[in-house]
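Taking it in order: structure first as structure tokens, then the write-up.
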Amino acid sequence: MAILSLRRRSAAISAAAVAVTAAAGVGLAVGGASAGTVSGSLYRDPSSAVVRWVAANPGDSRAAVIRDKIASQPQARWFANFNPSTVQSEVSGFVGAANAAQQIPVLSVYEITNRDCGGASAGGAPDLNQYQTWVSNFARGLGNQTVLIILETDSLALQTCLSASELNARNQALTTATQTIKAANPNAKVYLDGGHSTWNSANDTANRLRAAGVQYADGFFTNVSNFNPTSSEANFGRAVIAALSGMGIQGKRQVIDTSRNGGAAGDWCADDNTDRRIGTYPTTNTGDANIDAYLWVKPPGEADGCRYTAGSFQPDLAYSLANGAPNPPPTTAPPTTAPPTTAPPTTPPPTTAPPTTPPPTGNGCTASVALNQWSGGFTASVTVTAGSAAINGWTVTIALPGGAAVTGSWNTQASGTSGTIRFTNVGYNGQVGAGQSTNFGFQGTGTGPGATATCAA
């Protein structure tokens, strides 16, 4: 999303390489078996800006090309408005619609304080405490099925506007955000900002990822809103993975934004360029063990902020990207009817009340607390593990230090806000198999608890 001069310059350095290597891979479908850690079809949002434009402009001469090559494809839904009171319902509506379709949604979180260093996409949460509140509410809407989270584009690659203390605070905020999302939905796949192959070096990128808690994430994303060819990004990703491995951080994988990397060289900004084309169509079938997915994170046709408002859908940009590009793979059929006129559900899924009878007494479970503390607040991720026998219901008791208070929780029902607090399972996570685990979390003000907690099943 950023359009700062550093990013334009980096892209220009590799212009010749893009022209040579991208042409052979324009919009190609990927063969071979799925090789990353994600499998399944990606969710196509029936209410995206491009789908709505196609439905509203059937007579436009550009509509058929945009419909068949862009609107037919799954793209990321961006969550970029600071709306802590409504973000949970928005997320649950989007994720719920994807779950009903038995497909995997892609959510791009773009809310970090001082995002884009005040550039064309400036904004975000007013401060990092409010950011954590927003993330906690966001996480509550994620459900418990597989979702892909693109966490804060440019937040690590673009740091020129941050002081040392601001950088440390941002790294802690990203670590906490990752753990909050993972605690709310253990099946969430979270990827941190890896920039792209012509920006920072692989070693520098790995160091930035480590500082921001990539060890708690599933990996990193590259090439969002950029144009570097997929082969260059894959090579860069392998170098970053190798550097992380050398730091003792194993098993991380890459996702690559291929929404606009099928064209030739030219000016960085797609708003001012007619040579760019859409790249590889979105898929989890990458055939590469290091790459979980090729995604369209930046929706094709949405502006960069050079000639049009950043993020606005512009049909001339979409047509320029799609015209002349190959057709999608035959397994991805373009829509044949107008999108539904009703929006996905915006209300949160129904909650399940905790059991009305107390769980059996005894100590058939253990609990451990992972704490993330910052000035004035904390989040805690709690892992409940069953013993040698399965359990049906659990209660975890945690003592908070004086002056601390719980302000929110997820995947649990909390009794009290200060002092000694009892956290009880909700209906869907009370049954835990022998030796298996489940998670819940909470956030608060003041100083968080220690690592020990009492669990009764």
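The values are calculated or read from the model by the stated rules, or taken from the named source; none is laboratory data. This one's a predicted model, so the numbers in the text were calculated from it and none came from an experiment. Heads up, the Cβs are rebuilt from the backbone with ideal geometry, glycines too, and the neighbour counts pull from every protein chain shown.
Filtering R67, R52, R115 for residues that are closer than 17 Å to G311 by Cβ and crowded, with 21+ Cβ neighbours inside 10 Å leaves a single hit, R115.
Residue-wise test of (1) under 30 Å from A289 (Cβ atoms); (2) of a type in the set (G, A, S); (3) free of Cβ contacts under 8 Å to residues at least 12 places away in the same chain.
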position: V38; (1), (2), (3): yes, no, no
position: L42; (1), (2), (3): yes, no, no
position: A49; (1), (2), (3): no, yes, no
position: Q73; (1), (2), (3): yes, no, no
position: E90; (1), (2), (3): no, no, no
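Just to be sure before I move on: is A456 in contact with a Cys (Cβ under 8 Å, 6 or more places away or on another chain) and under 21 Å from N187 (Cβ atoms) in the structure I sent? Criteria not met by A456.
Return a yes/no flag: does the range 105-123 have any residue that is at pLDDT 95 or above, assigned to a loop (DSSP other than H, G, I, E, B) and more than 21 Å from L209 (Cα to Cα). Yes, because at least one residue in the range 105-123 is at pLDDT 95 or above, assigned to a loop (DSSP other than H, G, I, E, B) and more than 21 Å from L209 (Cα to Cα). For the range 418-457, filtered to residues that are loosely packed, with under 15 Cβ neighbours inside 10 Å and β-branched (V, I, T), the residue that is modelled with the highest pLDDT is T420.
Output the number of residues of the range 76-122 satisfying the condition of being of a type in the set (F, W, Y) and either closer than 17 Å to Q145 by Cα or over 17 Å from the mean Cα position of the chain (by Cα) (or both). Number satisfying all stated conditions: 1. Of all residues in the range 309-332, those satisfying the criterion of being assigned to a loop (DSSP other than H, G, I, E, B) and surrounded by 17 or more Cβ atoms within 10 Å (Cβ to Cβ) are A310, G311, Q314, A325, P328, T332. Regarding the range 127-145, can at least one residue be identified that is assigned to a loop (DSSP other than H, G, I, E, B) and among the hydroxyl-bearing types (S, T, Y)? For the range 127-145, residues assigned to a loop (DSSP other than H, G, I, E, B) and among the hydroxyl-bearing types (S, T, Y): absent.
Taking each residue of the range 392-417 that is touching a residue at least 60 places away in the same chain (Cβ under 8 Å) and part of a loop (DSSP other than H, G, I, E, B) and looking for partners that are surrounded by 22 or more Cβ atoms within 10 Å (Cβ to Cβ) and of a type in the set (G, A, S) with beta-carbon atoms closer than 6 Å, six or more apart or interchain, yields W394/A457. Scanning the range 398-433 for residues that are under 32 Å from the mean Cα position of the chain (by Cα) and within 16 Å of T452 (Cα to Cα) returns I398, L400, I421, R422, F423.
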